[in-house]
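Written below as structure tokens is the structure these notes are about.
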Amino acid sequence: LHSFPTRRSSDLSLQARVVMAFTGSKKAEKMGPMEFVMMMSKGKSRMEMDMAKMSAAAGAGAGAMPAGMGKMVTISRPDKKVVYQVLPGLNAYYEMAIPEASGGTADATKVERKIEGTEKVDQYECEKVRNSVTASDGTKTDVLTWEAKELKGLPIKMETETPEGKMTMLFQDIKTDAPDAAMFEPPEGATKYGSMQEMMMSGMMKMMPGK
């Protein structure tokens, strides 16, 4: 979300609850709103997802997520050019490199911005902006963002069309206090794995009776 050119939002500290919902299709009607926690500070970001709740919202039955894997944390560190995927329930993580094109040095994605007016979202006065995004393969997507003037242009609402229907993301309970620096590091003492598959397989083995 914060990859869009939104004035000076990259230097803003943020903690918020994000509500994501899909509308406009039969599949979307079966999916309830999904929530996750987002933190940002000095270009770093952390996203905490309750995978068990998201799976249930998507129509999966109870117990669909294996024990220890119900929550996932994604930490993006552009300064280190890595992303950490953490499973707190297993006290485990793995890291993957951010491709050079995604790090901002040679991004082939083109974004054209057009301000369509101003609207209020919750208590924030926002510029409503249409971002016409053209990917390196020529695919074009329109993304509407509502950028809060008080928050240095941070998008606090987004709308875009997806195969599942129209996706809306709304930031709520916004705080601009800087998160603890430890929130952008793997948990102390966590086991590091070489891939998500390796981490999950090891976790499932540990959960087996007799292990």
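Of note, Thr109 does not satisfy the criterion of being farther than 30 Å from Thr191 by Cβ, open to solvent by 50 Å² or more (accessible area, probe 1.4 Å), among the hydroxyl-bearing types (Ser, Thr, Tyr) and over 21 Å from the mean Cα position of the chain (by Cα). How many residues does the stretch 20-38 hold that are surrounded by 14 or more Cβ atoms within 10 Å (Cβ to Cβ) and at pLDDT 85 or above? Of the residues in the stretch 20-38, 8 are surrounded by 14 or more Cβ atoms within 10 Å (Cβ to Cβ) and at pLDDT 85 or above. Checking every residue in the stretch 174-193 against the condition of being touching a helix residue (DSSP H, G or I) at 6+ places or on another chain (Cβ under 8 Å), outside any loop (DSSP other than H, G, I, E, B) and closer than 24 Å to Glu35 by Cβ gives at least one match.
Determine, yes or no, whether Lys140 is within 30 Å of Lys81 (Cβ to Cβ) and exposed (fewer than 12 other Cβ atoms within 10 Å of the Cβ). Answer is yes for this residue.
The values are calculated or read from the model by the stated rules, or taken from the named source; none is laboratory data. From a predicted model like this one, the values you see are computed outputs, not experimental measurements. Virtual Cβ from ideal backbone geometry, glycine too; neighbours counted across all protein chains shown. Heavy atoms of the whole protein, side chains included, go into the accessibility calculation; ligands, DNA and RNA do not. Shrake-Rupley method; radii C 1.70, N 1.55, O 1.52, S 1.80 Å.
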